Amino acid sequence: MVISQASVIHEYATKKPSVSGVPGHFTENEQHKIAKLWTMLLAYFEQVKDKPVKVAGEYIQTITRDWSELDASDGFENQDPATLTLRAWQFTKGESSIKRFGLGSRKAKLSREELALDRHVNETTQQYVNRINGRNVVLMPDNFFPSFAHPSTDTRDFRDIFWSTVSIKQHPDYWVHRYMRSAGWDVDRAFGMIKGIIGWRAAEAIDKIISEGEVHSGHDELRLCLSQLIGRDRLGCPLMFVRVRNIMPRANEGFVFKRYLLNQFESLQIVTRRFGRVTMLYDFTGFTMDNTPFTMVQFMVFLGRKVYAESSSVLILLVDSWLFTNFWGLIRPFLDANLSARIIFVKDVSEVRQFIDEDQLPKELGGSNTFGAPFKLPEEGENIKMFDLDGRQAAETVWRRCIADFENITKKWCDCLASTSRSTEELDKLAAQRDELGREVERAELALNKFTRSRNNFERL
């Protein structure tokens, strides 16, 4: 199913989101395709149950530089974080600099100012909290393991990663159908997409990134408030506001900013648990090419098009720079038709109001929304349940039982749907049971994630 930009705009004009091809509104043909996809997935779980995925973990690297010669106070406390990040980036700019923090020689001796700026842009939230408190503040356990059923940190179980990803939604079909829509309801293509993305999540230890959350993410990106949830759009979807001009990914190690992006996207999956989609408002005012290096944009497109396919309601790009026109020409070939249809270019705030009411627009863009919550540091004790291994094991047992029950009822539902002798009453009964068991999977995940995931800023405020 390919959507058009005109249909997206019409939804906002009428304040009536389309329900075509979404759970609860599937046609008979779409139900058969969803059933076929589930049949393929359940069979694949059996094929790979004894073939764990080896972890590569590009995004769980750690910074190795030595900042021990610096004082706890770096003299930057009263300075603008964005200005400091810009200064750090300026030290890395230019081929003549052999002291580039992210790409240069690790053996080069940095000046004290360079070293302090390096720490400013690359230290994690945990390191920052330890530094300002003068002690090791215990924010979460340091002995991550994926699950009691698969405790190895070197490999991941494909089925486990699938269900830990899928069960954050109010029904498993909500996650699965995204890839069906993205694949144009081509079952084989959707299956290939899901298989590839779950394999990627396993290999990159995304579960570990989710578990550690903001605690082991770069603190600089968080305090800069590069992206903030500020309200809702005209369809009621959560609204994320992104200040592109503050993004300086070249100031730090490449994986640091990528990990930040992953954390933001994963947090949005939790926020949109019951909304399905999120609207992103990108303010390109003051944009320069340094704000969006092409390799980083490629990674963002990969996330938006594949990893979190069909997660956006609309992407609004407020652009006042001719520079972006040429840049867009490089990006567009990497987008699929559905994602392209949801990208809306606007030249001024008046055009934004087609999608976002004035009381939800941020004040800096002429709206009346004054909500601009700063990043609040995690506190000792907020992740106390993560230390309760007995509680976690009990919650995991319930979660696994709910998943097994859902898989079993799904097999029965698929068989019934495929049968030529089925009755409508029998199918409706199985569908109702399946829907309830799907909701039980979500409730079990909600109970389990208190033990497996550190809290985020959205929950802290």
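If I ask for residues that are buried (at least 18 other Cβ atoms within 10 Å of the Cβ) and assigned to a helix (DSSP H, G or I), which ones from segment 383-404 would you list? Across segment 383-404, the qualifying residues are 386, 392, 395, 396, 399, 402, 403.
Against the definition (open to solvent by less than 70 Å² (accessible area, probe 1.4 Å), of a type in the set (Asp, Glu) and at pLDDT 85 or above), how does residue 11 come out, yes or no? Considered against the rule, which asks whether it is open to solvent by less than 70 Å² (accessible area, probe 1.4 Å), of a type in the set (Asp, Glu) and at pLDDT 85 or above, residue 11 comes out as yes.
Residue 326 satisfies every condition listed in (1) under 30 Å from residue 451 (Cβ atoms); (2) assigned to a helix (DSSP H, G or I) except (1). Beta carbons closer than 6 Å, at least 6 apart along the sequence or on distinct chains, pair a first residue in segment 116-140 that is under 24 Å from residue 90 (Cβ atoms) with a second that is among the aliphatic types (A, V, I, L, M) for 116/70; 117/88; 120/84; 121/88; 121/251; 122/63; 131/72. Determine whether residue 115 is modelled with pLDDT under 95, out of contact with any Pro (no Cβ under 7 Å at 6 or more places or on another chain) and in a loop (DSSP other than H, G, I, E, B). No: the conditions fail for residue 115.
Scanning segment 336-352 for residues that are surrounded by fewer than 16 Cβ atoms within 10 Å (Cβ to Cβ) and not in a helix (DSSP H, G or I) gives 345, 347, 348.
Can you name the residue in segment 118-136 that is of a type in the set (Lys, Arg) and assigned to a helix (DSSP H, G or I) and is also most open to solvent (accessible area, probe 1.4 Å) among such residues? Only one residue fits best here, namely 131. Selection within segment 51-71: residues that are among the hydroxyl-bearing types (Ser, Thr, Tyr) and part of a loop (DSSP other than H, G, I, E, B). The member of this set that is farthest from residue 112 (Cα to Cα) is 62. Of all residues in segment 180-223, those satisfying the criterion of being at pLDDT below 95, open to solvent by less than 10 Å² (accessible area, probe 1.4 Å) and farther than 30 Å from residue 86 by Cα are 180, 183.
Just checking: which of the helices (runs of 4 or more DSSP H) contained wholly in segment 139-228 hold 1 or more residues that are within 18 Å of residue 311 (Cβ to Cβ)?
Numbers: elements: 158-166, 172-182, 187-203, 206-212, 219-223.
In segment 139-228, the matching helices (runs of 4 or more DSSP H) lie at 158-166, 172-182, 187-203, 206-212.
Residue-level analysis places residue 253 outside the set of residues that are within 20 Å of residue 373 (Cβ to Cβ) and either out of contact with any helix residue (DSSP H, G or I) (no Cβ under 9 Å at 6 or more places or on another chain) or not aliphatic (A, V, I, L, M) (or both). Looking at this structure, is residue 380 of a type in the set (Asp, Glu), crowded, with 18+ Cβ neighbours inside 10 Å and under 30 Å from residue 242 (Cα atoms)? Here the answer is no, as residue 380 does not meet what is asked. Only one of the listed residues (162, 158, 145) is within 29 Å of residue 393 (Cα to Cα), among the aromatic types (Phe, Trp, Tyr) and without any contact (Cβ under 8 Å) to a residue 24 or more places away in the chain. That residue is 145.
Which one of these is in contact with a helix residue (DSSP H, G or I) (Cβ under 9 Å, 6 or more places away or on another chain) and more than 20 Å from residue 378 (Cβ to Cβ): 265, 299?
Only one candidate qualifies: 299.
Filtering segment 21-36 to residues that are polar (S, T, N, Q) and surrounded by 13 or more Cβ atoms within 10 Å (Cβ to Cβ) leaves only 31.
The values are calculated or read from the model by the stated rules, or taken from the named source; none is laboratory data. Fair warning: this is a prediction, and the values are worked out from it, not measured in the lab. No Cβ is skipped: glycine too gets one built from the backbone with ideal geometry, and neighbour counts run over all protein chains shown. The area values use the complete protein model at the heavy-atom level, side chains included, leaving out ligands, DNA and RNA. Shrake-Rupley method; radii C 1.70, N 1.55, O 1.52, S 1.80 Å.
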